[in-house]
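Asks: Mind having a look at this structure? Questions to follow.
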Amino acid sequence: MTAGVIACDPAEQQSPRWVTERGQRAVFCGLTSIVWLHRKIQDAFFLVVGSRTCAHLVQSAAGVMIFAEPRFATAVLQDRDLAGMADCHEELDRVVAEVLARRPNLKTLFLVGSCPSEVIKLDLDNAAARLRRQHKGSLRVVAYSGSGIETTFTQGEDSCLSALAHELPSSNVDQLLVVGTLADVIEDQFTRLFNAMGIANVAYFPGRQSEALPEVGAGTRVLLAQQYLGDTARVLTDRGCTLLEAPYPLGAEGTEAWVRAAAAAFDIDDTAVEMAVAAPKARAEKALRALRPELDGRTISFLPDSQLEVPLARFLQRECGMQPLEVATPFYDGRTLAGEQAWLPDGVNWFEGQDLDPALDRLRASRPDLTVCGLGIANPLEAEGLRTKWSIELVFSPIQGFDQAADLAELFARPLRREQQLEVGAWS
Ligand code: SF4
């Protein structure tokens, strides 16, 4: 959706093996994250304040998944708004009143900023405060930006959760807080696992209902489920929470290390952890062994898109035998990637940021068996005989945890298998 220069803090660069690139890029904007956030937070409504382009993006990204009345919409800024000739706040109030008339039981309304609302400097924080006053506390209104300027699409979740994190009630109660959107089925699996280990008080952020926000404070140990939540982690640590350092729960090895980080923070003894993880870990390893022959020795490159690139490359190399050639991620956050550092595979070219043309030139020269990239460049690469995997699919799919380890490997095996089944050797 956007082309531009990605901002980053070079001070966060911790490892000399990372090369920073700045230039043209091809990524979706943060509005895309509404697709999975609105599925997770079931009593919230996402109102994008943007243009027709924004409306088309959200509608087409989410369209395939809507089976009921959607809980998102776009308040479209018209020419008169953009020219400063209309009072956008009056119009916003009118649209919000319409939404509430249709959904009187709505508990949380997210006002989602966009490029156009930022260009005309529409103050959505003030609008949220005004709407809250109007609705006398019966409606939580939270503003955040999903703008495509200098962001990538998973940052929409970080922006949403960091805004909501300020709203969490305070408490010093001892608890584990898992942060990052997880499919409900995975949330249930992790709860069972943590409970079996002896961690009884487990909360999730975001949860399924926005009314039941977790309490946070000095007793809260935060375990990130996705590494693209650096701003949210900063808000939570500012509120007294402790951020646990761990690899991400992708694959059997990653999941085990992730739950072990929580166990260590709660002084759970090793025997209890072993007993809790033994069966799901054995199942995951067995299922992965069955898929490994299809992936072993195959080469893979990642163009920067989802911010899942680093733990995915680690999983594919260590547990599936794939050889990552180049791994690029839109942003390198040394804090949220600290737990992955020891496992970064050798012999890989690591890039932070994007300069699309040189990246494509390197890809054409190395011709990996599989390239993980954004939707916009997958088709042209396929036309050049390069097999691709859409990175956005990895964000929409339930991939975390022991029981999903083989499903995750299968997502990479499938395009390689399809190529063989089609017998299109000449094509590639
Ligand atoms: Fe395009 Fe910006 Fe709207 Fe995203 S927020 S759809 S990048 S105009």
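Read-outs: derived from the displayed coordinates by stated rules, not from any lab. Not measured: the values here are computed from a predicted model. When we count neighbours, we look across all protein chains shown, and the Cβ atoms used for this are built from the backbone with ideal geometry, even at glycine.
Asks: Run the dipole for the range 232-379 about the Cα centre, Lys and Arg Cβ at +1, Asp and Glu Cβ at -1, nothing else charged, and hand back the magnitude in debye, nearest 20. Please list the in-between numbers first.
Replies: On the way: 15 positive and 23 negative charges, 69 e Å.
For the range 232-379, the charge dipole is close to 340 debye.
Asks: Under a 5 Å amide H to amide H cut-off, with H placed in plane at 1.01 Å, what residues pair with Lys389 once short-range neighbours are removed?
Replies: Thr371, Val372, Cys373
Asks: Which whole-number percent gives the relative contact order of the chain, counting Cα pairs below 8 Å spaced six or more residues apart? Before the final figure, lay out the partial values.
Replies: Numbers: 802 pairs, mean separation 73.5, N = 428.
The normalised contact order for the chain reaches 17 percent.
Asks: Take the chain, connect every pair of alpha-carbon atoms lying under 10 Å apart with a spring to form a Gaussian network, then pick out the residue of Gln209, Gln400, Gln134 with the largest mean-square fluctuation.
Replies: Gln134
Asks: Of Ala409, Thr371, Trp350, which is farthest along the charge dipole of the range 280-422 in the positive direction, counting Lys and Arg as +1 and Asp and Glu as -1 at C-beta?
Replies: Most positive-ward Cα: Ala409.
Asks: Would you grab the residues whose amide H sits under 5 Å from the one on Val27? Only those 5+ places off in sequence or on another chain, please, with H modelled 1.01 Å from N.
Replies: Thr2
Asks: Gaussian network model of the chain, Cα springs within a sub-10 Å range: biggest mean-square fluctuation belongs to which of Asp333, Asp357, Asp403?
Replies: Greatest mean-square fluctuation among the candidates belongs to Asp357.
Asks: What value, in deg cm²/dmol to 500, does the helix sum -39500 (n - 2.57) over DSSP H runs of n ≥ 4 give at 222 nm once divided by the residues of the chain? Display every interim value, and only then the final one.
Replies: Working: 16 runs with 185 residues, N = 428.
It comes out at -13500 deg cm²/dmol, rounded to the nearest 500.
Asks: How charged is the neighbourhood of Leu164? Take every other residue with its Cβ under 15 Å from the Cβ of Leu164, and add Lys/Arg as +1 and Asp/Glu as -1. All intermediate terms of the calculation are to be shown ahead of the outcome.
Replies: Values: positive: Lys40, Lys107, Arg132, Arg140, Arg208, Arg234, Arg239; negative: Asp43, Asp125, Glu157, Asp158, Glu167, Glu211, Glu215, Asp231, Asp238.
Within the 15 Å Cβ shell, the charges total -2.
Asks: Between Ser171 and Ala101, with labels modelled 7 Å along Cα→Cβ, what's the label distance in nm to one decimal, could you check?
Replies: 3.9 nm
Asks: Continuing with the same structure: Pull up the DSSP beta bridges for the chain and report the antiparallel fraction as a percent, rounded to 5. Let's see the in-between values first.
Replies: Working: 2 of 50 bridges.
For the chain, the DSSP antiparallel bridge percentage is about 5.
Asks: What is the dipole size for the chain, taken about its Cα centre, with +1 at each Lys and Arg Cβ and -1 at each Asp and Glu Cβ, in debye to the nearest 20? Present the calculation step by step, with values, prior to reporting the outcome.
Replies: On the way: 41 positive and 57 negative charges, 152 e Å.
Roughly 720 debye, rounded to the nearest 20.
Asks: Taking neighbour counts of Cβ atoms within 10 Å as a proxy for exposure, in what order, fewest first, do Arg335, Arg17 appear?
Replies: Numbers: Arg335 16, Arg17 9.
Sorted ascending by nearby Cβ count, the order is Arg17, Arg335.
Asks: On to the next question. May I ask you to list the aspartates and glutamates whose Cα is less than 16 Å away from that of Lys389, ignoring any residue fewer than eight positions away on the same chain?
Replies: In chain and number order, the partners are Glu294, Asp305, Glu309, Glu326, Asp369, Asp407, Glu410, Glu419.
Asks: So who's got an amide H within less than 5 Å of the one on Ala75, skipping anything under 5 residues away but keeping other chains? H placed 1.01 Å off N, in plane.
Replies: Those lying under 5 Å, H to H, from Ala75 are Val48, Val49, Gly50.
Asks: Using a/c under 1.5 as the rounded threshold, could you call the range 175-273 rounded, prolate or oblate? The axes a ≥ b ≥ c are square roots of the C-alpha gyration tensor eigenvalues, and prolate needs a/b larger than b/c, oblate otherwise. Before the final figure, lay out each step's value.
Replies: Numbers: a/c = 1.37, a/b = 1.28, b/c = 1.07.
Rounded shape, in that the Cα axes give a/c under 1.5.
Asks: What net charge is computed for the residues neighbouring Asp346, neighbours being all others with C-beta under 12 Å from the C-beta of Asp346, Lys and Arg scored +1, Asp and Glu -1? Don't jump to the answer; show the numbers that get you there.
Replies: Values: positive: Arg17, Arg314, Arg318; negative: none.
Computed value for this residue: +3.
Asks: Now a separate question. Please label the shape of the chain as rounded, prolate or oblate, based on the square roots a ≥ b ≥ c of the eigenvalues of the alpha-carbon gyration tensor (a/c under 1.5 means rounded; beyond that, a/b larger than b/c means prolate, else oblate).
Replies: Values: a/c = 1.82, a/b = 1.21, b/c = 1.50.
Oblate, because a/c is 1.5 or more while a/b does not exceed b/c.
Asks: Apply the a/c threshold of 1.5 to the C-alpha gyration tensor of the range 294-428 and tell me whether it is rounded, prolate or oblate. All intermediate terms of the calculation are to be shown ahead of the outcome.
Replies: Details: a/c = 1.63, a/b = 1.20, b/c = 1.35.
Judged from the Cα gyration tensor, the range 294-428 comes out oblate (a/c at least 1.5, b/c at or above a/b).
Asks: Here's another thing I want to ask about it. Please give the net charge around Lys40, taking every other residue with its beta carbon less than 15 angstrom from that of Lys40, where Lys and Arg add +1 and Asp and Glu add -1. Intermediate results must be reported in sequence, preceding the final value.
Replies: On the way: positive: Arg39, Arg71, Lys107, Arg208; negative: Asp43, Glu157, Asp158, Asp184, Glu187, Asp188, Glu211.
Once all neighbours under 15 Å are counted, the net charge is -3.
Asks: Comparing Gly230, Gly339, Gly385, which has the greatest mean-square fluctuation in the GNM of the chain with Cα pairs linked when under 10 Å apart?
Replies: Taking springs between Cα atoms under 10 Å, the residue moving most is Gly385.
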